[in-house]
1. Looking only at region 60-77, count every residue that is surrounded by 11 or more Cβ atoms within 10 Å (Cβ to Cβ) and of a type in the set (S, T, N, Q) and tell me the total.
2. Looking at the structure I just gave you, is Ser60 among the hydroxyl-bearing types (Ser, Thr, Tyr), at pLDDT below 90 and assigned to a helix (DSSP H, G or I)?
3. Which ones in region 1-56 are of a type in the set (Val, Ile, Thr) and either modelled with pLDDT under 85 or within 19 Å of Phe93 (Cα to Cα) (or both)?
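The values are calculated or read from the model by the stated rules, or taken from the named source; none is laboratory data. For clarity, every value in this text was computed on a predicted model and none was experimentally measured. A quick note on method: Cβ atoms are made from the backbone with ideal geometry, for glycine too, and the neighbour counts reach across all protein chains shown.
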Amino acid sequence: MTSDQKSGRFHPISLDAINFLLADVRAAAGPLVVADIMWGTRRFNLAQGAIATVQGIGASLSGLAAGEIVDHFGYNAAFLTSGAAAFVALIVFAIGMPETRPAATKTTAGGVR
């Protein structure tokens, strides 16, 4: 056991590695999902631009919103608000994301068409 482990400090390197891997998966999957949804519409670049714009606006405003929440309510409230926003996004995604596989290739749980 290292002295850092004995003192109760943790090593953020493992957290950075997990963050790096998850960010890569999201970065690779994003354009694939957009391409799948926009297939045949000839609007892939427009959709990618719209998504990048919304992500940029969200990234710009999230720091401001988190700072205001921390100033008025504390760090716990900021983390809870961030978690609640992520949970709402998960629910919206789970309900609103269409299935993009063509009907002819869909299979049941047993693999039978």
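1. Taking region 60-77 as the starting set, the residues that turn out to be surrounded by 11 or more Cβ atoms within 10 Å (Cβ to Cβ) are 62, 65-70, 73-74, 77.
Next cut, of a type in the set (S, T, N, Q) only: 62.
Residues that pass the stated criteria total 1.
2. On the way: among the hydroxyl-bearing types (Ser, Thr, Tyr): yes; at pLDDT below 90: no; assigned to a helix (DSSP H, G or I): yes.
The answer is no for Ser60.
3. So the first thing to find is which residues in region 1-56 are of a type in the set (Val, Ile, Thr), and the list is 2, 13, 18, 25, 33-34, 37, 41, 51, 53-54.
Those that are of a type in the set (Val, Ile, Thr) and either modelled with pLDDT under 85 or within 19 Å of Phe93 (Cα to Cα) (or both): Thr2, Ile13, Ile18, Val25, Val33, Val34, Ile37, Ile51, Thr53, Val54.
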